[in-house]
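Since the structure comes first, as structure tokens, the remarks are kept for the end.
The numbers here are math on the coordinates, done by the rules we state, and not lab data. All values derive from a computational prediction rather than experimental measurement. Backbone-built Cβ (ideal geometry, glycine too); neighbour counts: all protein chains shown.
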Amino acid sequence: MVKVFFSIFLFISFNVNSGGPRWDDSIDINDPDIAVKVVVQQCHKSLINAPELLEEWCEKAIEMGYWRGLIPLSLHTGDGTRLVNEATQRVKNNEPRAYFTLASLYRDGQFVEKDLNKAISIYSALLALNVETVDALVNSAHLELAKLYYTQKNWLAVTEHAQYVIDNSALELDKKQAVNLLESAKEKALTKK
């Protein structure tokens, strides 16, 4: 459970600009001029800094159009029904971040039955979308695919996706993980493990 929580929390942190102070008590949730970005930051920051206010802030973020407020809300309540339903619906509308969210849920077995093949299928569908996608999201999908294929001992697929990350990611940590996966996959392919 800790691994799953950590994985999703990293996903949230990666995808949300929650810069600034840890928590700002001076922000009034009922301010009619409050910006969506401020509400989103408070939603995500409340997971760690003010869990007693999480539901209020995240529901406000969702009302303002930020559907991914369902991620910390689901982690907090332990009920991911709305998150899974919303992500599934948004996948039908070809929203790239919904693909990534849904694939991650299946990868970890968070709020759904763990299904690595379904996660692979969803990450692959994200990469096949014919829409503008954030480079970091594409790189992350390739890295996740490399990891998943590694668990399945599909060394050729590991090599393909890890190499993509090495060639395209701006993040050194991702490149390092990809290099390790690539080297290990090549070694295992040679020894037929």
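Within segment 21-68, the trypsin sites (Lys or Arg not before Pro) that combine a DSSP coil assignment with at most 16 other C-beta atoms in a 10 angstrom radius are ARG22. Taking a straight Cα-Cα cut-off under 12 Å and skipping sequence neighbours fewer than 8 places away in the same chain, the aspartates and glutamates within cross-link reach of LYS186 are GLU160.
A simple charge model with +1 on the Cβ of Lys and Arg, -1 on the Cβ of Asp and Glu and nothing else charged puts the dipole of the chain at about 1140 debye relative to its Cα centre. Pairs with C-alpha atoms separated by more than 29 Å, drawn from the list LYS37/LYS92; LYS45/LYS153; LYS45/LYS118; LYS114/LYS176; LYS92/LYS176, are LYS45/LYS153; LYS45/LYS118; LYS92/LYS176.
Plainly put, the chain has a radius of gyration that is 1.02 times its Kirkwood radius, both from alpha-carbon atoms, as the Rg/Rh ratio.
Exposed loop positions in the chain were taken to be GluC sites (Glu not before Pro) whose DSSP state is not H, G, I, E or B and which have at most 12 other beta-carbon atoms within 10 angstrom. Between these positions, the longest stretch is 1-112. Estimated from helical segments only, the mean residue ellipticity of the chain at 222 nm is -22500 deg cm²/dmol, where each DSSP H run of four or more residues counts as -39500 (n - 2.57). Scattering from segment 134-193 was approximated by placing one identical point on each alpha carbon and applying the Debye formula without solvent; log10 I(q)/I(0) at 0.20, 0.23, 0.27 1/Å stands at -0.61, -0.78, -1.01.
At an R0 of 41 angstrom, the distance between the Cβ atoms of ASN30 and VAL134 translates into a FRET efficiency of 0.80.
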